[in-house]
Amino acid sequence: MTRTQITVFVLVAFVALVLGLTVHKVLNGRSQGDTAALIDAGIILLPQSRSLPALSLIDQDGRPVAVDQLKDKWSLLFFGYTFCPDICPTTLAQLRELQALLPEAARQQLQVILVSIDPQRDTPQQLKQYLGYFDPTFQGLTGELLSIQKLANAVSIPFIPGDTTKENYTVDHSGNLVIIGPDGRQRGFIRAPLNNQKLKEQLPGLLTGEG
């Protein structure tokens, strides 16, 4: 799959989601106006939540994490890697800024998780050091490439694995974020590029208004 094919795939997926939202005028108790404001901020909620695959990855401290058990808080999953030259450091810096803009109640309900799409280089130690440059509360997940691909496909965030035979290889991927609810199910996406000024207005209601 080429970068162009990935872009087309993501665009088609989002068009389908927007059409689904149009059909469902009220989603989780929200009015059309509320839904329109979310979409304007780049937040696309699914008409129906999705379960995550039952698989295990390793966090930045070397501990196993069952991805279908990411519960009790809202999670923003970003599929990236520590050797990324552009999208990843920019997105993580924006997420650090966004957390600072959120009210304390909303901030306490949110966790940011970087899922590595370059497990060959991204060891738990590498993830921990890298994320520490941005925010020590950010979490990282790595593991077997097939497991990471299975998770990425399940949440509709495709990526092209890097050619590990080449030095300084890169990995093509999306900058979109995955929204996981406190029930451990995927609730939607946040489109890239992030608009923190709009997100700071819309995320608090989502994070504190649902269980």
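When every alpha-carbon pair in region 3-209 is counted, what percent end up more than 24 Å apart?
Tail of the P(r) past 24 Å holds 38 percent of the pairs.
Can you give the relative contact order of region 3-209 as a percent, counting alpha carbon pairs under 8 Å and 6+ residues apart?
Computed over region 3-209, the figure is 30 percent.
Quickly work out the residue 166-to-residue 40 label distance, labels modelled 7 Å from Cα along the C-beta direction, and quote it in nm with one decimal.
Going from the residue 40 label point to the residue 166 one covers 4.3 nm.
Listed highest first by mean packing, meaning other Cβ atoms within 10 Å per residue, what order do 139-146, 115-122 come in?
115-122, 139-146
Using a cut-off of 15 Å between beta-carbons, work out the net charge of the residues near residue 149 (Lys and Arg +1, Asp and Glu -1, residue 149 not included).
Charge balance near residue 149 sits at -3.
Since every read-out is calculated from the coordinates, none of them should be taken as a lab result. A quick note: this is a predicted structure, and the numbers were derived from the prediction, not measured. Quick reminder, even Gly has a Cβ in these numbers, built from the backbone with ideal geometry, and neighbours come from all protein chains shown.
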